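Data first, discussion second: the structure below is written as structure tokens.
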């Protein structure tokens, strides 16, 4: 028996509807360019999900990508869980036999597999759309750096904002494993100076030396500044899209739309030089 993934309610459907619309818009906008188009889903699951209330079974992101009116030249679906990856492969074989030769299912860690894909493909002749919808804090900053260096990706990243904010304890008392996780998620330890200050209430009887001094908005802006400035070939966050879409993510995910190939900046209504 297949095992369906369970996620949120209406916001999950809204998120997938937005993605589906973007897939078609992306392929339509790039149809006259001669490079190959690649779709990558780094947390592909089984291809089907049920809403958390158990009332509906809906197509997941991988299935929706294959169902889109326009098709990519290649699809890469990454899933860490061996059983789910097998179910995904079966779904492709049964429901999309004509596309099976261009679908590559990678069972493994998303960071490892994305790095492998980036190094295996000649990006002079290919462009990719990457959907990053992690379960929690799985995506490493070094993976984003590797992706950025290709200058060939559009990246949809649902950043695990609530998970990060929960780890940022007000009193600054965090387990080392949490600190290591945040360092990996954000790329360095500079966040400590950004989010914390010396506790003005410190006294001889307290071992608490720092206190959180960052609002949710401050943390969001820090993440966006990192995406904007910290690359030789930078991401270009679509601020207008971030704020328009946040209403769809009540669990506290921050949707970052990033464009690394300047020829596609017009998709976010940003000025861009011509491709050639």
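The values are calculated or read from the model by the stated rules, or taken from the named source; none is laboratory data. No experiment lies behind these values; they were computed from the predicted model shown. Positions of Cβ are backbone-derived with ideal geometry, glycine not excepted, and every protein chain shown enters the neighbour counts.
Scanning region 108-144 for residues that are under 16 Å from residue 157 (Cβ atoms) and part of a loop (DSSP other than H, G, I, E, B) yields 133, 134, 135, 136, 137, 138, 139, 140. Considering the conditions (1) assigned by TED's automatic domain parsing to the domain that holds residue 37; (2) more than 22 Å from residue 65 (Cβ to Cβ); (3) modelled with pLDDT of 90 or more; (4) surrounded by fewer than 14 Cβ atoms within 10 Å (Cβ to Cβ), residue 137 is excluded by exactly one of them, (4).
For residue 84, the conditions (1) over 27 Å from residue 152 (Cβ atoms); (2) in a helix (DSSP H, G or I); (3) touching a helix residue (DSSP H, G or I) at 6+ places or on another chain (Cβ under 9 Å) all hold with the exception of (3).
Among the residues of region 42-58, those that are surrounded by fewer than 17 Cβ atoms within 10 Å (Cβ to Cβ) and either in contact with a helix residue (DSSP H, G or I) (Cβ under 9 Å, 6 or more places away or on another chain) or part of a loop (DSSP other than H, G, I, E, B) (or both) comprise 52, 53, 54, 55, 56, 58.
Any chance you could count how many residues in region 118-130 are more than 14 Å from residue 43 (Cα to Cα) and buried (at least 21 other Cβ atoms within 10 Å of the Cβ)? Full working, then the answer.
Here is the first cut: in region 118-130, the residues more than 14 Å from residue 43 (Cα to Cα) are 118-128.
Subset that is buried (at least 21 other Cβ atoms within 10 Å of the Cβ): 127-128.
The total comes to 2.
Suppose we filter 147, 105 for residues that are buried (at least 17 other Cβ atoms within 10 Å of the Cβ), touching a strand residue (DSSP E or B) at 6+ places or on another chain (Cβ under 7 Å) and part of a strand (DSSP E or B); which single one remains?
Unique residue meeting the criteria: 105.
Screening residue 155 against (1) farther than 16 Å from residue 118 by Cα; (2) touching a residue at least 24 places away in the same chain (Cβ under 8 Å) leaves a single unmet condition, (1). Taken together, 39, 76, 22 contain a single residue that is within 27 Å of residue 137 (Cβ to Cβ) and out of contact with any helix residue (DSSP H, G or I) (no Cβ under 7 Å at 6 or more places or on another chain), which is 22.
Evaluate the following for residue 197: is it at pLDDT 85 or above and outside the structural domain of residue 136 (by TED's automatic domain parsing)? Show your work before the answer.
On the way: at pLDDT 85 or above: yes; outside the structural domain of residue 136 (by TED's automatic domain parsing): yes.
Criteria met by residue 197.
Does residue 142 satisfy being over 23 Å from residue 26 (Cα atoms), surrounded by fewer than 16 Cβ atoms within 10 Å (Cβ to Cβ) and modelled with pLDDT under 95? Can you show your working first?
On the way: over 23 Å from residue 26 (Cα atoms): yes; surrounded by fewer than 16 Cβ atoms within 10 Å (Cβ to Cβ): yes; modelled with pLDDT under 95: yes.
Yes.
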